[in-house]
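Notes follow once the structure below has been shown.
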Amino acid sequence: MALSVVAEDFRRYGWTVETADEGVELITDERIAAIELTGSVAAGVRRYLRANNLSGPVLEVMGPQRREIHLVVGVAKAARAIESLRAAGAIVHTDGARVPLPGPGRALAWSVMPHEARWVPPVVALAAAVRAVGGFERGLGRVAC
């Protein structure tokens with residue numbers, strides 16, 4: 001499948017995407033952002049969101065440690081939630097940050113595909129999930145890249 005077709009598929013969700021040399025990338029903006037979680041907190045958040053019917057699109061980054069990138073909305077009005085996520089060790093991708101999307105040769109895949117998700121959750125829901133699984137007390141840990 002041509003990269004331009006893949007990019008158009010993601011654009012139908014209202015996302016800004018660009019085709020780069022390595023594949024398609026999501027460009028975060030006022031409508032969509034991404035929160036990267038690691039380790040046991042990522043697993044706990046995934047279970048919490050699923051149990052509460054709050055799951056949205058999630059990318060899984062392949063590697064020795066569990067890493068997930070949750071797509072979220074509502075970052076413009078959630079400064080405190082973003083601050084608390086960053087304080088807990090989450091990587092918050094906003095304001096034009098590029099997030100790679102799955103494609104050939106990339107070490108990531110959808111674990112919850114956009115068309116499987118009921119919605120794209122607000123960032124405050126993700127912050128609440130991190131709090132519920134104890135991520136703020138433990139910290140999320142960092143992955144050396």
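Data table
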item: Other-chain or far-sequence residues with amide H under 5 Å of LEU108's (modelled H); result: MET62, GLY103
item: Distance between the stretch 96-119 and the stretch 1-70 - C-alpha centres, whole angstrom; result: 4 Å
item: The chain, accessible surface, carbon-and-sulfur percent (1.4 angstrom probe); result: 53 percent
item: Check: the stretch 1-88 dipole with +1 on Lys, Arg Cβ and -1 on Asp, Glu Cβ, in debye; result: 620 debye
item: Backbone N within the stretch 82-111 under 15 Å of label point (7 Å from ARG47 Cα along the Cβ vector); result: none
item: Taking the stretch 18-145 and dividing mean pair separation by its residue count, relative contact order in percent (alpha carbons under 8 Å, at least six apart); result: 39 percent
item: Mean accessible surface per residue for the chain, computed with a 1.4 Å probe while every protein chain stays in place, in Å²; result: 51 Å²
item: Per-residue ³J(HN,Hα) for the stretch 68-77, Karplus 6.51 cos²θ - 1.76 cosθ + 1.60, θ = phi - 60°, Hz, x for Gly and Pro; result: 10, 10, 9, 7, 9, 10, x, 6, 5, 10
item: Degrees between helix 39-51 axis and first principal axis of the chain (Cα, 0 to 90, nearest 10); result: 80 degrees
item: Bridge type composition, the chain - antiparallel percent by DSSP, nearest 5; result: 95 percent
item: Alpha-carbon Rg with Dmax, taken over the chain, Å; result: 14.4, 45
item: Karplus-derived HN-Hα couplings along the stretch 5-12 (A = 6.51, B = -1.76, C = 1.60, θ = phi - 60°), whole Hz, x at Gly and Pro; result: 5, 5, 4, 4, 4, 6, 5, 5
item: Computed P(r) (all Cα pairs; the stretch 41-86; 5 Å bins; percent); result: 5, 18, 22, 26, 21, 6, 1
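The values are calculated or read from the model by the stated rules, or taken from the named source; none is laboratory data. Everything quoted here is computed from the prediction, not taken from an experiment. Please note: Cβ atoms are built from the backbone with ideal geometry, for glycine as well, and neighbour counts cover all protein chains shown. Keep in mind that these areas ignore ligands, DNA and RNA; they rest on the heavy atoms of the full protein, side chains included. Shrake-Rupley method; radii C 1.70, N 1.55, O 1.52, S 1.80 Å.
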